[in-house]
Amino acid sequence: MSITTVNRRARQRGWVGAGAVGALVLALTTGVATQAQAAGTLPPPNAQALGASIAGLPNAQLTSAVVLVDGDNGRWSGTSGSGDLATGRPVAADGRFRIGSISKVFTATVVLQLAAEHRVDLDGTIQQYLPGALPASYPPITVRQLLNHTSGLPTGGDLGGDDGSAQWFVEHKDESWTPQQVVAEAGTHPMQFQPGTAQQYNGLNYYLAGLLIERVTGHSYAQEVTARILRPLGLHHTSVPAADDTRLPHPTAHAYLTVTRPDGSTEHADVTDQSPWPWAEGGMISSAPDLDHFLTALLHGRLLPPTQQAELFSVPDVPNFQNPNCDIGLTAGRACFSTGLMRFSPTAGVVLWGKTGSRPGYSSGIFATQDADRDLVYSLTPTSRDGASFAAQYKIASAAFDLGGH
């Protein structure tokens with residue numbers, strides 16, 4: 001295991017906008033207020049507990065872990081396991097990994113910036129912005145309902161015949177589908193519920209959000225994310241890969257799935273290189289330091305003005321519909337997603353905001369207190385397509401946020 005503990009660097013505050021919105025940025029940065037609470041509410045990171053939370057790797061379920069805890073009271077970075085089972089190289093704490101659905105936070109941020117520029121109306125319908133993309137029989141669905149997963153849209157289909165097995169993915173990991181194909185296939189299924197009446201986490205919402213960005217701006221999703229977030233924040237290890245670019249440069253660790261050979265024995269199949277076709281829904285790559293910087297900037301109001309910043313913490317008061325992420329903690333059974341983030345309240349007085357993400361071979365998460373007094377980034381490499389278990393992820397979060405026995 002490798003561990004580094006350093007003092008907290010000073011954090012800058014104030015909106016950082018894209019060059020494309022220069023004049024608007026100057027107008028909106030004036031008077032931007034963060035929702036910071038008093039600093040120093042958490043003790044320094046507990047190095048012993050954090051180290052223990054990722055000890056014992058590799059094992060049958062996980063081959064590696066990268067954890068970064070940052071905040072006003074200190075910074076802790078640690079790794080565990082193997083970066084490459086073939087060579088035995090160590091895990092790279094500053095390496096890149098596939099962030100899966102954490103990509104949605106970038107997507108939501110861009111849409112909220114467009115709302116701040118009055119180029120997108122969150123209460124306008126996606127049918128107005130993308131005519132013909134959805135079946136005419138579907139009811140009106142607002143942009144806000146897409147972003148907070150209350151759209152009621154069908155949850156997906158059967159692109160490529162994926163049976164959910166590790167073997168299928170190993171054989172098809174380089175294949176890709178366009179956002180238009182994803183939306184069209186989903187449109188062959190009925191709505192799950194009337195928009196706004198419940199919350200069901202659904203990747204289709206963010207394929208449509210990505211298409212919305214491209215329609216409104218006339219630029220690619222990758223161009224907008226780069227110009228508005230990556231370049232201003234200096235996130236040099238974060239990118240939106242092209243759909244046919246299967247490479248993962250300088251990975252934290254190689255990713256493996258356990259598959260069964262014809263003779264009944266098992267082997268680890270390397271799936272580090274794979275298609276990033278989930279795109280605005282889950283195709284980005286990044287690093288722990290970059291995600292730490294992004295989350296801090298977002299929570300400190302550097303990317304959004306106050307009105308849109310408030311959307312990040314506005315969770316609709318509706319029932320949860322078939323989403324296990326919202327069936328944990330004090331608010332179990334109710335919605336837990338805002339416009340881009342997930343609210344996690346494991347115990348009274350503790351509210352964390354962030355997002356998890358997964359792609360085959362990678363499970364990651366970013367979480368923080370609302371004032372970013374303490375934030376956590378982690379990346380794990382599970383050997384099952386089910387991803388890393390909740391218990392493994394909660395053990396890290398418990399150590400990072402001093403949750404004790406909760």
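The values are calculated or read from the model by the stated rules, or taken from the named source; none is laboratory data. Just so it is clear, the model here is predicted, and its values are computed rather than measured. With ideal geometry, Cβ positions are generated from the backbone for all residues, glycine too; neighbour counts draw on all protein chains shown. Note: accessible area is taken over every heavy atom of the protein model, side chains too, but ligands, DNA and RNA are not part of it. Shrake-Rupley method; radii C 1.70, N 1.55, O 1.52, S 1.80 Å.
Open to solvent by 40 Å² or more (accessible area, probe 1.4 Å) and within 26 Å of HIS236 (Cβ to Cβ): does that describe ASP70?
On the way: open to solvent by 40 Å² or more (accessible area, probe 1.4 Å): no; within 26 Å of HIS236 (Cβ to Cβ): yes.
Considered against the rule, which asks whether it is open to solvent by 40 Å² or more (accessible area, probe 1.4 Å) and within 26 Å of HIS236 (Cβ to Cβ), ASP70 comes out as no.
So which strands (runs of 3 or more DSSP E) are wholly in region 309-406 and hold at least 3 residues that are within 23 Å of LEU298 (Cβ to Cβ) and open to solvent by less than 10 Å² (accessible area, probe 1.4 Å)?
On the way: elements: 342-347, 350-359, 362-369, 374-382.
Counting at least 3 such residues, we get 350-359, 362-369, 374-382.
What is the one condition in (1) open to solvent by 60 Å² or more (accessible area, probe 1.4 Å); (2) not in a loop (DSSP other than H, G, I, E, B) that ASN205 does not satisfy?
All conditions are met except number (1).
Mind checking which residues of region 208-236 are farther than 16 Å from PRO278 by Cβ and buried (at least 18 other Cβ atoms within 10 Å of the Cβ)?
Once the filter is applied, which keeps residues that are farther than 16 Å from PRO278 by Cβ and buried (at least 18 other Cβ atoms within 10 Å of the Cβ), region 208-236 yields LEU212, THR217, GLU224, THR226, ALA227, ARG228, ILE229, LEU230, PRO232, LEU233, LEU235.
If GLN370 meets every condition in (1) over 19 Å from ALA52 (Cα atoms); (2) out of contact with any strand residue (DSSP E or B) (no Cβ under 8 Å at 6 or more places or on another chain) apart from one, which number is that one?
Unmet condition: (2).
I need the full set of residues from region 243-263 which are over 10 Å from TYR362 (Cβ atoms) and either open to solvent by 50 Å² or more (accessible area, probe 1.4 Å) or of a type in the set (A, V, I, L, M, F, W, C) (or both), in order please. Steps first, answer last, please.
Keep residues of region 243-263 that are over 10 Å from TYR362 (Cβ atoms), which gives 243-247, 249-250, 254, 256-263.
Passing the criteria: ALA243, ASP244, ARG247, PRO249, HIS250, LEU257, THR258, VAL259, THR260, ARG261, PRO262, ASP263.
Name the residues in region 162-186 that are without any contact (Cβ under 8 Å) to a residue 12 or more places away in the chain, closer than 18 Å to THR272 by Cα and surrounded by fewer than 15 Cβ atoms within 10 Å (Cβ to Cβ), would you?
Residue satisfying the conditions is GLU171 alone.
Can you tell me which residues in region 114-141 are touching a residue at least 40 places away in the same chain (Cβ under 8 Å), closer than 17 Å to GLU214 by Cα and either part of a loop (DSSP other than H, G, I, E, B) or not hydrophobic (A, V, I, L, M, F, W, C) (or both)? Full working, then the answer.
Restricting attention to region 114-141, the residues satisfying the condition of being touching a residue at least 40 places away in the same chain (Cβ under 8 Å) are 114-117, 119-120, 122, 126, 129-130, 133-135, 138-141.
This time we only want the ones that are closer than 17 Å to GLU214 by Cα, so: 114-117, 119-120, 122, 126, 129-130, 133-134.
GLU117, ARG119, VAL120, LEU122, TYR129, LEU130, ALA133, LEU134, listed by residue number.
Filter region 221-264 down to residues that are among the β-branched types (Val, Ile, Thr) and either without any contact (Cβ under 8 Å) to a residue 40 or more places away in the chain or under 20 Å from ALA93 (Cα atoms) (or both), then give me how many there are.
3
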